[in-house]
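Novice: Could you have a look at this structure, given as structure tokens, before my questions?
The values are calculated or read from the model by the stated rules, or taken from the named source; none is laboratory data. This one's a predicted model, so the numbers in the text were calculated from it and none came from an experiment. Quick reminder, even Gly has a Cβ in these numbers, built from the backbone with ideal geometry, and neighbours come from all protein chains shown.
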Amino acid sequence: MVLELNLEKESQALVLCLEKAGIKVPELDVGFAMDVSGSFDDEHQDGTTEVLLTRLVPWGLTFDPDKKLDVFTFSNGSASVQDVGPIDARNYQGFVRRNIIGVTGYNGGTAYSHVIESFLEHFGWKDKVKKAGFLGSLFGKKDEVVHGEQKPSLVIIATDGDNNERGDKERTLQVLRESEARGDKVYFLFLGISNQGSKFPFLETLGDQFSNTGFVAIPDLRKFNGMSTEDLNEFLIGEELLQWFAARGKQTAAA
């Protein structure tokens, strides 16, 4: 399934959507996390998630200084989180088939804490520990703490099922609490995609509990993919995210 878009026009529509709300467009690094659990395989194979990702490329063009989205994949377990590279105006066509289908962790379960934590490290809000490894430890090397550059960021997480990894709900809450306590300038927007009737009570709870975490239910992904640009943007950008954009936009203007 191939979707041709005028990406520049789509980006301009997003800018107009924010300007109508009186918001200056903030400068943000943008990340996208794609669920690769087994239940999402059909949507990856038939190109439905390809269209979803394509519809969000203009968000990278609009917010990100490098005009891209950094794409990670995840299922369950820390090893399932994979940085599959950025998507932008030059490489978006066929990105899911080239970079996502068959990736490490493909057809696994669903857990959120590991991919949230990985993006916090990626955008510099959480220190990353670089392991010395077995050979390094033999030669007296120690684990190294890496401090990344802190980048105001928006992370969109697309998933079709509530987490089923034992202990992950508690771990997800812990990771988000620690992020909130640090004052990380990052917003997590969960897209709960329920083509197969999935429910998302835990993600709804996260959206209610944390001021930098939102949840949007998408009961029919194909219908969502077919929305007009204006309707799609308004569907995704709720009042809380608008307020978060407004605060970041003021900081961008002051910088």
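Novice: Just to be sure, is SER37 touching a Ser or Thr at 6+ places or on another chain (Cβ under 7 Å), hydroxyl-bearing (Ser, Thr, Tyr) and more than 22 Å from PHE224 (Cβ to Cβ)?
Specialist: Answer is no for this residue.
Novice: From (1) within 23 Å of PHE40 (Cβ to Cβ); (2) of a type in the set (Phe, Trp, Tyr); (3) part of a helix (DSSP H, G or I), pick out the condition that doesn't hold for TRP244.
Specialist: Failing condition for TRP244: (1).
Novice: Which residue is farthest from LYS9 (Cα to Cα), if the candidates are limited to the range 80-91 and must be surrounded by fewer than 21 Cβ atoms within 10 Å (Cβ to Cβ) and of a type outside the set (Val, Ile, Thr)?
Specialist: Looking at residues that are surrounded by fewer than 21 Cβ atoms within 10 Å (Cβ to Cβ) and of a type outside the set (Val, Ile, Thr), I get ASP83.
Novice: Follow-up question, since we're still on this one. Could you give every pair whose Cβ atoms fall below 8 Å, whose first residue belongs to the range 134-162 and is under 30 Å from LEU53 (Cα atoms), and whose second residue is surrounded by fewer than 10 Cβ atoms within 10 Å (Cβ to Cβ) and at pLDDT 60 or above, counting only separations of at least 6 or pairs across chains?
Specialist: Short answer, once both residue conditions are applied: ASP162/PRO201.
Novice: Spot the failing condition for THR73; the list is (1) surrounded by fewer than 20 Cβ atoms within 10 Å (Cβ to Cβ); (2) in a strand (DSSP E or B); (3) touching a Ser or Thr at 6+ places or on another chain (Cβ under 9 Å); (4) not hydrophobic (A, V, I, L, M, F, W, C), and only one is missed.
Specialist: Just one mismatch for THR73, condition (1).
Novice: Testing VAL25 on (1) over 20 Å from PHE224 (Cα atoms); (2) of a type in the set (Val, Ile, Thr); (3) crowded, with 22+ Cβ neighbours inside 10 Å, one condition comes back false. Which one is that?
Specialist: (3)
Novice: On to the next question. Does LEU16 fit the bill of being in a helix (DSSP H, G or I) and without any contact (Cβ under 8 Å) to a residue 12 or more places away in the chain?
Specialist: yes
Novice: Looking at SER118, SER211, SER137, SER153 in this structure, which one is modelled with pLDDT of 90 or more and surrounded by fewer than 14 Cβ atoms within 10 Å (Cβ to Cβ)?
Specialist: Answer to the check: SER211.
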